[in-house]
Every structure is written in structure tokens, then in C-alpha cells.
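Every number here is computed from the coordinates shown, using simple stated rules; none is lab data. Given the structure is predicted, the values throughout are model-derived calculations rather than measurements. Virtual Cβ from ideal backbone geometry, glycine too; neighbours counted across all protein chains shown.
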Amino acid sequence: MGLTIDLAALAANWRALAARAPGARPGAVVKADAYGLGAAQVAPALHAAGARDFFVAQAAEGRAIRPLLPGDARIFVLSGHMPGEGLDGLIPVLNSAPQFFRDRALRPRGDFAIQLDTGMNRLGLEPAEWAAIRAEALAAPTSAGRGPSLVMSHLACADEPGHPANAAQLRAFRAMTEGVSAPLSLSATGGVLLGRDYHFCVTRPGIGLYGGEPFADARPVVTLSLDVIQARWVDPGETVGYGCAWTAPRRSRIATLSAGYADGLLRALGGKPVMLWAAGAAAPMVGRVSMDLITVDVTDLPELPDEMEIINAAQGVDALAALAGTIGYEILTALGPRYRRDYLPG
Ligand SMILES: *Cc1c(COP(=O)(O)O)cnc(C)c1O
């Protein structure tokens with residue numbers, strides 16, 4: 001029981017996204033513990049597949065994987081240089097003029113990257129702020145020379161190919177990086193799929209590596225299997241679980257499984273047509289999701305299984321997300337620490 005993470009599928013997804021942007025150096029986003037799947041296993045597997053540029057959100061995430069990766073791996077910290085953070089062996093992505101000056105004061109020859117805001121208004125230097133520090137940033141001494149290791153921005157709507165914000169951000173990025181010789185990076189998974197104009201030097205795929213939309217051709221990476229703790233027969237009219245939210249329409253066999261909303265099975269899944277599988281046969285979840293438990297109507301299964309799958313090829317991360325009214329990213333990053341994580345070798 002637990003999560004099975006297919007490192008061969010992960011590597012295949014990384015290679016497939018690399019092939020979609022043949023002119024670029026494909027990176028890998030492993031923030032939030034590699035979207036819940038375990039950065040300590042995922043990052044080395046992607047390095048073995050060929051990835052050299054890794055992205056995390058926070059310095060602590062970078063420090064955790066630094067000793068696990070060879071020296072040729074670069075680890076970029078998207079939140080940049082925050083006060084008091086140790087950045088040894090990491091490359092902060094500096095997002096504002098204050099971050100830039102803090103970093104230069106504390107790490108005068110340290111490698112750094114720059115993030116520009118091209119319209120998302122979340123992280124990055126605004127055009128005027130960039131204009132003010134640009135010359136100094138491009139000439140700033142680093143470990144091996146001068147200037148940023150990467151100048152990047154991020155797209156707000158890359159998962160909607162027809163959205164006008166994509167072309168607007170591309171124009172803004174081109175305008176802000178005119179004459180910049182440092183490597184450029186604009187695209188996460190969605191941007192990779194938007195085509196060549198968006199690829200630049202380095203890509204930053206995340207969700208697509210882990211089998212999620214918008215990379216429709218991704219191989220599934222995650223299987224989640226839950227232990228059956230016990231089963232009981234209930235008579236027609238009896239109810240199951242909190243709020244007596246489900247009433248048996250017939251004599252029903254109810255199995256209680258060991259995972260709940262504390263494990264990322266979002267409570268919003270209660271009452272939705274969520275299925276669980278055993279030996280290729282499916283049975284519906286019934287009643288509310290508890291903190292540690294869900295209940296499943298296994299009446300029609302030929303025998304009571306020891307465990308049942310809730311994420312598999314038939315009901316992927318995005319399908320479960322749709323039932324909960326969310327996105328695959330949230331399903332993955334919500335997967336709790338209580339699951340055993342087994343890794344199929346790459
Ligand atoms: C999370 C993130 C990514 C990866 O995005 P996906 O949609 O998961 O591919 C890339 N770049 C930045 C700046 C991010 O925050």
C-alpha cells in the first residue's frame with residue numbers, strides 16, 4: 001500500500017518534453033518535494049536522465065537536495081535571496097532590486113539569476129526597476145565570470161494556448177531582454193507546448209514530468225493504493241460515515257480504507273463519483289471523506305481485496321482533481337507524508 005512512483009515514466013516525460021523544445025536545455029522543477037513525490041529520489045533520477053538545471057521554491061528545498069546531486073547540477077531558488085537564508089551551492093533567482101543589492105552585498109562573487117516580471121505581477125523586476133539595475137546586474141562578478149546565469153520570466157496563462165497574455169508576455173520578455181547575452185528562460189510545461197518562440201535557452205517543466213496536464217501525452221507516474229482495514233454489511237436504509245451522508249439503497253458491503261483528507265484525498269471528493277480499483281474491477285467511494293479514512297461500496301466485487309487503487313491509469317491525477325474541483329498540481333502536492341513511497345527504478 002502507498003504511493004508507487006515510476007521513475008522510468010518520470011524520465012520518459014522529461015525526455016519527451018525535452019524533445020518538444022529541441023533547441024533548449026531542459027531543466028526540471030522539483031519544488032514542493034518534487035510535487036509531493038519525493039525530491040530526494042526524483043531529482044537524482046532526473047539528473048541521471050540528463051537534467052542539469054533544477055528549480056526549487058525555497059532555499060531549504062535546495063539545501064536538502066544539494067548533497068544528493070553531483071557538482072554539475074545547478075539548483076535555482078525561485079524565491080531568490082531571502083534574509084538569513086544559506087545559499088551555498090545554490091543560485092538565487094533575484095526578483096527585485098532589494099534582493100539584487102542584498103545578494104551582491106552578501107555574496108559579491110556568487111552566481112545568481114534574474115527574474116523579470118512580464119505581466120504576471122507575482123515575482124520579478126518591473127521594467128523600470130530592471131532598467132535601473134540592468135547594467136550593474138549584467139556586469140556583476142560571479143564565480144566564473146560576469147552577469148546572471150539565467151534571465152527568466154514566467155507565463156500566467158501558458159495552459160491556455162489561445163490566451164492573449166501569452167503573446168503579450170512573450171513580447172514583453174523580448175523587449176526587456178534585448179541585447180542581453182545571458183541565457184534566457186520563459187517556459188514551464190505549458191510554455192514548452194506553446195512552440196518554439198517560447199523556448200529560449202532553458203525550459204522549466206514541472207507538472208508534465210509528474211504526468212499532469214497540460215502535457216496530455218505524459219506517461220502516468222503515480223499509483224496510489226490504500227489498505228482495506230475492515231469491511232461490513234449494511235442493510236438498506238443504513239447510513240455510512242459522517243453526517244450520515246450516504247444511505248444504502250440495498251444490502252451493501254462497505255470497506256473502510258486507510259487514507260483521508262489528511263493524506264490529500266480532498267474532502268471535496270465526498271459525494272463525487274470517485275472509483276477504487278482492485279484486480280481490474282472498480283467500486284465507488286461512498287459517503288464523506290474523513291481525516292484518515294474513506295468508505296467504498298464493494299458489494300459487487302467478487303471478493304474483498306487487501307488494498308485498492310485510487311490513483312492509477314484509469315483514474316489519473318487530473319481525473320481525481322476534476323472531481324474535487326481543483327487541478328492535478330494540488331492533488332500531487334497535497335499527498336501527505338503518511339504514505340509509504342516506493343520507487344520503480346528509472
Ligand atoms: C512552478 C514553476 C514552474 C513549473 O511549472 P509547471 O506548470 O509545473 O511546469 C516553472 N517556473 C516557475 C517560475 C514556477 O514557479
Once both label points are put 7 Å beyond Cα along the C-beta direction, the Asn121-Ala48 separation in nm becomes 4.5 nm
For the chain, the dipole about the Cα centre with charges only on Cβ (Lys and Arg +1, Asp and Glu -1), to the nearest 20 debye, works out at 800 debye
Checked region 7-210 with the C-alpha gyration tensor, a ≥ b ≥ c its square-rooted eigenvalues, rounded below a/c of 1.5, otherwise prolate if a/b is larger than b/c and oblate if not; verdict oblate
Sorted on mean Cβ neighbours within 10 Å (highest first), peptides 204-212, 308-316, 109-117 come out as 204-212, 109-117, 308-316
Whole-Hz Karplus couplings 3J(HN,Hα) for region 209-222, θ = phi - 60° and coefficients 6.51, -1.76, 1.60, Gly and Pro as x, run 5, 8, x, x, 5, x, 7, 5, 8, 5, 7, x, 10, 10
Listed by chain and number, the residues whose amide H is under 5 Å from that of Val151, excluding neighbours fewer than 5 places away on the same chain and using placed H, are Ile114, Leu184, Ser185
Per the rule of 0.36 nm per residue minus the C-alpha distance, extending Ser143 to Ser181 adds in nm 12.0 nm
Taking Cα pairs closer than 8 Å and at least 6 residues apart, the relative contact order of region 141-297 in percent is 14 percent
Note: Glu136 to Asp306 extended length (0.36 nm per residue) minus current alpha-carbon separation gives 54.9 nm
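On a full-extension model of 0.36 nm per residue, what is the gain between Lys272 and Ala57, subtracting their alpha-carbon distance, rounded to one decimal in nm?
74.1 nm
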If unit charges are put on Cβ atoms (+1 for Lys and Arg, -1 for Asp and Glu) and the dipole of the chain is taken about its Cα centre, the option from Ile75, Leu138, Val42 lying farthest towards the positive end turns out to be Leu138
Gyration tensor (Cα only) of region 232-305 to equivalent ellipsoid, semi-axes in Å sorted down, yields 18, 16, 10
Between the residues Gly110, Gly62, Ala172, the Cα farthest towards the positive end of the dipole of region 7-210, that dipole coming from +1 and -1 charges on the beta-carbon of Lys, Arg, Asp and Glu, is from Gly110
Using alpha-carbon coordinates alone, the radius of gyration and Dmax of region 1-119 in Å work out to 15.2, 50
Once both label points are put 7 Å beyond Cα along the C-beta direction, the Ala322-Asp197 separation in nm becomes 2.9 nm
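With the convex hull built on the Cα atoms of the chain, state its orientation-averaged projected area in nm².
Taking the Cα atoms of the chain, their convex hull projects to 18.6 nm² on average.
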Taking 276-283, 33-40 and ranking on average Cβ neighbours within 10 Å, highest first, one gets 33-40, 276-283
In deg cm²/dmol, rounded to the nearest 500, the helical mean residue ellipticity at 222 nm of the chain, built from -39500 (n - 2.57) for every DSSP H run of length 4 or more, is -8000 deg cm²/dmol
For region 222-344 the mean separation of alpha carbon contacts under 8 Å (6+ apart) over residue count, i.e. relative contact order in percent, is 28 percent
Between Thr239 and Arg109, Cβ-based FRET efficiency (R0 51 Å, step 0.05) works out to 0.15
Taking only the alpha-carbon positions of region 209-346 as identical scatterers, the Debye log10 I(q)/I(0) at q = 0.09, 0.18 Å⁻¹ comes out as -0.26, -1.01
Toy charge model, Lys and Arg Cβ at +1, Asp and Glu Cβ at -1: region 209-327 dipole around Cα centroid in debye, rounded to 20, equals 360 debye
